[in-house]
Amino acid sequence: MTHFLEFAGIKHYFGAVKAVDGVSLTVKQGEVFSLLGPSGCGKTTLLRICAGFQHPQEGRVILNGVDITELPPEKRKVNTVFQNYALFPHLDVFENIAFGLRIAKRSAVDVRQEVERMLDLTDMTEHARKRVVELSGGQKQRVAIARALVNRPQVLLLDEPLAALDLKLRQRMLVQLDSLHDEVGITFLYVTHDQGEAMSISDTIAVMNRGKVEQTGSPAEIYEAPRSSFVAAFIGDTNFFDGVVKEIDGDYSLVAIEGLGAVRVFNDKQLKVGGAVHLSLRPEKIHLTVAEPPAESSRNISRGEVEEIIYLGSATKYWVRVGDYRLAVNRVHRRFGLDEKPIRWKDLVWLSWHSDDGYMLERYSEADEELLSLPDTETETEPLAVDGDSHE
Amino acid sequence: MKRSLFPGLTLVFCLVFFYLPLAVVVVGSFNDSRFGGDWRGFTLKYYNQLLRDREIRGALENTLVIAFWSTLTCMVLGTMAAFALHRHRSRLQFFHLSLIYSPLVAPEILMGISLLLFFGAVGADLGMTTIYLGHVTFCLSYVAMTVLGRLQDFDFSLIDAARDLGASSWTATRKILLPVIAPGIIAGGLLAFTLSLDDFVVTFFLSGAGSKTLPIYIYSSIKRGSTTKLNALSAILLVVTFLVVIISHFTAGRLDRSEKTKEAKASG
Ligand SMILES: Nc1ncnc2c1ncn2[C@@H]1O[C@H](COP(=O)(O)OP(=O)(O)OP(=O)(O)O)[C@@H](O)[C@H]1O
Ligand SMILES: [Mg+2]
């Protein structure tokens, strides 16, 4: 079944705020589908529409071939893991998990069996009789997941389930969540603003921005072929350039970038000579060498001065000044310390990159810039707050 | 290492100031002397007389009936008022809040007079019913305020969670909202009960023939000069009031836990 869960033209405004502004998505059965976007982009609203807490002003929600738009939350075969967990404070762990089964009037034996299975699955058996206030953050999170999963929903909705946890625990829970998904095979609709989280757990990601879906695709697609500069900047680290097309040569064109020079780029879209181009270049696509690389028609080569170095363990990040630009470059060590001389601050280095690695995009708007909290890219390309490849 | 005596002295002074009169009453209730004063030996005869006094028994019954019904009414109406106040915020609700709040600050005598004038205007006969209605007017505020406090701490995403797990709106209210705010309702109810039990001013204005409550009875018998049984009666009232306060103090904490053990038994 390809179209298991479908959002068709969903619109929901809160007064003037366009929380969800015409979203259409299809989720496949059994996959982890992430809604990713900055704060306030409408992820929670869309999730609440799916759960039935909010009735969309326009559009339909279709689950497994059935239009569920008009159903109240209790009639939908979906369950939610709430951001703050929303565990019932007057019940213990066991009773929290059993809640849905008791509402469904399942027999006492059934309830016990199912709850014990969930306790086992989430590794909470020894805490079954604890009160909610006696649990740690990670334990609460597991109870929230168990409480939802025990009802065997067709879709499990998770609203930033890891946001309240500290970094170490977040990473551990992410792994657990992933293996839990493999075990139960239920479709996950996962909301997060953390692109690292989304990249590592999802089969499909929908990047949202101001109530709209900017792009849907696999993590690799979204990272390698962002459809907008917003997506490129939100997913990982990138360098942006503005240029003008000088010459078109088959699939490639020569783009003049003020303050950097002319570069050869693959035509990702229809271009005209004299047209403006916005270009994204990922830091790890740039090859940094001390010696001058051999000239090749397929590679762009420039020379710059190292302005900053950050050692990341598995890689090193450099900021290199080339003309008016400060380029971020990631370099994985391979033969570090053997036949490579270490690169130091203020060293002159060569940068080269393949013509296919630059990616042409629409320039994002001023308003988006604020959401991404980017510095002014006209003058400088600074490292972004979001970090594409260092998610653990 | 000489500590100041001042705090200790203040404490003793306060305790004496507050509790000496009460102690005098309690001791007096066991004193075998007609007019108090000297200690003439231990006796329980006043308690004995008390039990046999039909007038007192009648007054006690009136008091309890009124306290019971006004408490029950206030628990229902007060909880509903608190819900309305919490759920909908508007200009009108601010007015509503002031209305609920004013009996807490308005002088009681004002309440008494206005209620008396009102019942006079509508031509109601004074008696048990008017006292009951009078008590409801001011006890309601206390219940509404305690429940409102509890509601403000309530996380309404719990209701969403319950509905998400298949509970209808009503089931979610019954199984989640009510158990969580129950300590507030009960604390408010106990407060209302004690207030109704010993109210004098409003009751005095609203009581008619055959609707004497204990406080009114005590007042009138002091005026008639017969105080012998009053010490015993006051001692009993004192104990009852203390008990209610202690119960209300402990229920708040206890209730959360008892709910849990009840559910545990149901499942085990
Ligand atoms: N009940 C509401 N009333 C009015 N505006 C709302 C309401 N709920 C959400 N909004 C607005 O709708 C927009 C989208 O909100 P939503 O909660 O869906 O964002 P989000 O993507 O989940 O953000 P976050 O990552 O911060 O949770 C926001 O601008 C928010 O202020
Ligand atoms: Mg949200």
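Does the range A:166-185 contain at least one residue that is more than 24 Å from A:Glu74 (Cα to Cα) and within 16 Å of ligand 2 (Cβ to nearest atom)?
Within the range A:166-185, none of the residues are more than 24 Å from A:Glu74 (Cα to Cα) and within 16 Å of ligand 2 (Cβ to nearest atom).
Take A:Leu87 and tell me if it is among the aliphatic types (A, V, I, L, M), in contact (Cβ under 8 Å) with a residue 40 or more places away in the chain and within 16 Å of ligand 1 (Cβ to nearest atom).
no
Checking A:Pro72 against (1) away from ligand 2 (no atom under 16 Å from the Cβ); (2) more than 8 Å from every other protein chain (Cβ to nearest Cβ), only one condition comes out false. Which one?
The single condition A:Pro72 does not satisfy is (2).
Each row is one residue, and each column tells you yes or no for (1) more than 28 Å from B:Ser169 (Cβ to Cβ); (2) within 16 Å of ligand 1 (Cβ to nearest atom); (3) open to solvent by less than 10 Å² (accessible area, probe 1.4 Å).
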site: A:Thr26; (1), (2), (3): yes, no, no
site: A:Gln29; (1), (2), (3): yes, no, no
site: A:Val32; (1), (2), (3): yes, no, yes
site: A:Leu35; (1), (2), (3): no, yes, yes
site: A:Gly40; (1), (2), (3): yes, yes, no
site: A:Thr45; (1), (2), (3): no, yes, no
site: A:Cys50; (1), (2), (3): no, yes, yes
site: A:His55; (1), (2), (3): no, yes, no
site: A:Asn64; (1), (2), (3): no, no, no
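I'd like to check which strands (runs of 3 or more DSSP E) are fully inside the range A:239-311 and have at least 2 residues that are open to solvent by less than 50 Å² (accessible area, probe 1.4 Å), under 23 Å from A:Tyr223 (Cα atoms) and among the hydrophobic types (A, V, I, L, M, F, W, C).
A:239-249, A:261-266, A:276-281
Checking A:Met1 against (1) modelled with pLDDT under 95; (2) more than 10 Å from ligand 1 (Cβ to nearest atom); (3) surrounded by 17 or more Cβ atoms within 10 Å (Cβ to Cβ), which test does it fail?
Going through (1) modelled with pLDDT under 95; (2) more than 10 Å from ligand 1 (Cβ to nearest atom); (3) surrounded by 17 or more Cβ atoms within 10 Å (Cβ to Cβ) one by one, A:Met1 breaks only (3).
Which is crowded, with 24+ Cβ neighbours inside 10 Å and at the interface with another protein chain (Cβ under 8 Å from one of its Cβ atoms), of A:Ala98, A:Ala108?
Going through A:Ala98, A:Ala108 in turn, just one is crowded, with 24+ Cβ neighbours inside 10 Å and at the interface with another protein chain (Cβ under 8 Å from one of its Cβ atoms): A:Ala98.
Scan the range A:43-56 and report the pairs whose first residue is within 14 Å of another protein chain (Cβ to nearest Cβ) and of a type in the set (A, V, I, L, M) and whose second residue is open to solvent by less than 10 Å² (accessible area, probe 1.4 Å) and in a loop (DSSP other than H, G, I, E, B), with Cβ atoms within less than 7 Å and a gap of 6+ or a chain change.
Matching pairs, first to second residue: A:Ile49/A:Pro56.
Since A:Glu197 meets every condition but one in (1) within 16 Å of ligand 1 (Cβ to nearest atom); (2) closer than 25 Å to A:Ala328 by Cβ; (3) assigned to a strand (DSSP E or B), which condition does it not meet?
Every listed condition holds for A:Glu197 apart from (3).
Being among the small types (Gly, Ala, Ser), more than 29 Å from A:Glu214 (Cβ to Cβ) and either modelled with pLDDT of 80 or more or touching a Lys or Arg at 6+ places or on another chain (Cβ under 8 Å) (or both), is that true of even one residue in the range A:360-378?
The answer is no, given that none of the residues of the range A:360-378 is among the small types (Gly, Ala, Ser), more than 29 Å from A:Glu214 (Cβ to Cβ) and either modelled with pLDDT of 80 or more or touching a Lys or Arg at 6+ places or on another chain (Cβ under 8 Å) (or both).
In the range A:187-218, how many are surrounded by fewer than 19 Cβ atoms within 10 Å (Cβ to Cβ) and touching a helix residue (DSSP H, G or I) at 6+ places or on another chain (Cβ under 7 Å)?
1
Name the residue that is nearest to the other protein chains (Cβ to nearest Cβ), counting only residues in the range A:4-24 that are open to solvent by 40 Å² or more (accessible area, probe 1.4 Å) and either within 16 Å of ligand 2 (Cβ to nearest atom) or aromatic (Phe, Trp, Tyr) (or both).
Filtering first and then ranking leaves A:Phe14.
The values are calculated or read from the model by the stated rules, or taken from the named source; none is laboratory data. Fair warning: this is a prediction, and the values are worked out from it, not measured in the lab. Counting neighbours? That spans all protein chains shown, and the Cβs are built from the backbone with ideal geometry, glycine included. Remember, those area values only see protein heavy atoms, side chains included, never the ligands or the DNA or RNA. Shrake-Rupley method; radii C 1.70, N 1.55, O 1.52, S 1.80 Å.
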